[in-house]
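All remarks here apply to the structure that follows.
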Amino acid sequence: MASRQEVRSEETKRAILAAATQLFAERGFEAVSIREIAKAAGCSHTTLYIYFKDKEALLHQLSKGPLQTLAQAMEAALADEKRSSEEKLREISHQFIRFCLGNRNMYTLFFMIKASRIDEEEPEQELQALRTHLFGLLRKAVLLCLPPEVGEEEALAYARIYFYTLHGIVGTYTHSEESLEELLGRLAPTFDLAVDVILAGSKQTMTRSGEK
């Protein structure tokens, strides 16, 4: 059984994370100070530093669990041998869009704040490594749908375009007042069409390049 001190410590940590989540979502990562987070959590800033060394550590803690859960779902979809390559890509696209629209208040924090190149091979920050891993899964799904003769650089370019498209879809509805289920119910066919259009365009572009 946890001691009273351990319970109190865990409660303080949860309060800090809850305060950071709310303040980051309302005002943005850069605008919020450690002192403001500590005040909202009901503790001193020196107490906060016992648990988190800086705002980046808070950002990582808030993002790590949700992004790992998304990665696991995407990995499972890619490993499903019952699905065709196109079905795998469509499924992980839906997973990504559902995740982002379901976490609209944290979307920018999860993917944009302190971000570096998405195809960076060995990111220094653990959070960026998670983002890069998610992109790698999407890249793998795109590659499965392309002809086997497609080169690595060309495949990377198509994966980037696809990744930007998904973020564009999410960004369009980040501030929508519709619920997640309302959005998905209304727009799922459009999302599927976007997948088909990008794949068709990619294959047509490759065919034209091969004819030159």
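The values are calculated or read from the model by the stated rules, or taken from the named source; none is laboratory data. Here the structure is a predicted model, which is why all the values come from computation and not from measurement. So basically every Cβ, Gly included, is an ideal-geometry build from the backbone, and we count neighbours across all protein chains shown.
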Practice item. For residue 75, state whether it is of a type in the set (D, E, K, R), modelled with pLDDT of 95 or more, within 26 Å of residue 130 (Cβ to Cβ) and part of a helix (DSSP H, G or I). Key: yes
The residue that is surrounded by the most Cβ atoms within 10 Å (Cβ to Cβ), considering only those in the range 78-97 that are aliphatic (A, V, I, L, M) and touching a residue at least 60 places away in the same chain (Cβ under 8 Å), is 89
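Looking only at the range 36-53, which residues are under 19 Å from residue 26 (Cα atoms) and surrounded by fewer than 19 Cβ atoms within 10 Å (Cβ to Cβ)?
Passing the criteria: 36, 39, 40, 42.
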- Message: Any residue that is assigned to a helix (DSSP H, G or I) and crowded, with 20+ Cβ neighbours inside 10 Å - is there at least one of those in the range 102-110?
- Response: yes
Has the range 83-91 got any residue that is outside the structural domain of residue 9 (by TED's automatic domain parsing) and touching a Leu at 6+ places or on another chain (Cβ under 6 Å)? yes
Among the residues in the range 43-62, are any basic (Lys, Arg), in a helix (DSSP H, G or I) and under 15 Å from residue 141 (Cα atoms)? no
Among 119, 196, the single one that is assigned to a loop (DSSP other than H, G, I, E, B) and among the acidic types (Asp, Glu) is 119
Q) Can we say residue 165 is over 25 Å from residue 65 (Cβ atoms) and at pLDDT 80 or above? A) yes
Output for Cβ contacts, cut-off 6 Å, separation at least six or different chains, first residue within 13 Å of residue 127 (Cβ to Cβ) in the range 46-59, second surrounded by 13 or more Cβ atoms within 10 Å (Cβ to Cβ), reads 58/20; 58/52
- Item | Boolean, residue 116 is in the same structural domain as residue 157 (by TED's automatic domain parsing), without any contact (Cβ under 8 Å) to a residue 40 or more places away in the chain, over 12 Å from the mean Cα position of the chain (by Cα) and closer than 30 Å to residue 36 by Cα | yes
Of the residues in the range 122-140 that are over 12 Å from the mean Cα position of the chain (by Cα), touching a residue at least 60 places away in the same chain (Cβ under 8 Å) and not in a loop (DSSP other than H, G, I, E, B), the one that is surrounded by the most Cβ atoms within 10 Å (Cβ to Cβ) is 140
